[in-house]
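To start, the structure itself, in structure tokens.
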Amino acid sequence: MKNLIFVALLLVLSLTVSCTSDPKDRLENLLERVENNGNSFNEEEWESVFNELDCIENEIDKKNYSKEELREIGRLKGRLLGCITRTALGDMQEQLTGLSAILTGGLVGFLEAFDVDVNKYELSDEELENIEMRLKDEILKIRMELKLGLEEASKYVEDIAE
């Protein structure tokens, strides 16, 4: 799941899945599959999801749907993208500890590349852990801002719908 965004971008470029049956029905089935099992998907399963979604979107573009049908399709796609985002945010939470350690090590390595003697700062393990915790806090703030942004967008859509 670490590479979910990379996989998504990669899959947008490929159209290898054959497209059959009604796209709206396939979108409903895909949504159900992601809602029920998305939390346990591996990268290959996410690749399949994105391939299928890309194929469905191409088929939808070829059909003439009524406004009501297009709204329903939009609603289904919104739910699907919401499920994908929620799963990605959950994975992000799990990876924060490792990410903050990597970032701390990356910062030290970056400074060393410019011949900065990081040893002269004599950072203790406690200080390095403090840096990691601060990085983790910043990443959590970004996650919360994203969540608030999604909630705000949801309220905006609800207001428009009324």
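Yes or no: segment 4-26 includes at least one residue that is aliphatic (A, V, I, L, M), modelled with pLDDT of 85 or more and part of a helix (DSSP H, G or I).
The answer is no, given that none of the residues of segment 4-26 is aliphatic (A, V, I, L, M), modelled with pLDDT of 85 or more and part of a helix (DSSP H, G or I).
Would you mind stating whether residue 47 is more than 25 Å from residue 153 (Cβ to Cβ) and assigned to a helix (DSSP H, G or I)?
On the way: more than 25 Å from residue 153 (Cβ to Cβ): yes; assigned to a helix (DSSP H, G or I): yes.
Considered against the rule, which asks whether it is more than 25 Å from residue 153 (Cβ to Cβ) and assigned to a helix (DSSP H, G or I), residue 47 comes out as yes.
Could you pull out the residue among 78, 105, 82, 149 that is loosely packed, with under 12 Cβ neighbours inside 10 Å and either modelled with pLDDT of 75 or more or in contact with a Lys or Arg (Cβ under 8 Å, 6 or more places away or on another chain) (or both)?
Details: 78 fails: loosely packed, with under 12 Cβ neighbours inside 10 Å; 105 fails: loosely packed, with under 12 Cβ neighbours inside 10 Å; 82 fails: loosely packed, with under 12 Cβ neighbours inside 10 Å.
Exactly one of 78, 105, 82, 149 is loosely packed, with under 12 Cβ neighbours inside 10 Å and either modelled with pLDDT of 75 or more or in contact with a Lys or Arg (Cβ under 8 Å, 6 or more places away or on another chain) (or both), namely 149.
So, residue 30, is that one under 14 Å from residue 80 (Cα atoms), surrounded by 14 or more Cβ atoms within 10 Å (Cβ to Cβ) and modelled with pLDDT of 50 or more or not?
So residue 30 fits the description; yes.
Checking the conditions here, which among 76, 70 is in a helix (DSSP H, G or I), of a type outside the set (Ser, Thr, Tyr) and either touching an Asp or Glu at 6+ places or on another chain (Cβ under 7 Å) or closer than 20 Å to residue 89 by Cα (or both)?
Being in a helix (DSSP H, G or I), of a type outside the set (Ser, Thr, Tyr) and either touching an Asp or Glu at 6+ places or on another chain (Cβ under 7 Å) or closer than 20 Å to residue 89 by Cα (or both) holds for just one of 76, 70, which is 76.
Which one of the conditions (1) within 22 Å of residue 33 (Cβ to Cβ); (2) at pLDDT 75 or above does residue 127 fail to meet, given that it meets all the rest?
(1)
The values are calculated or read from the model by the stated rules, or taken from the named source; none is laboratory data. Keep in mind the model is a prediction, meaning the values are calculated, not measured. Cβ sites come from the backbone with ideal geometry, for glycine too, and all protein chains shown count toward neighbours.
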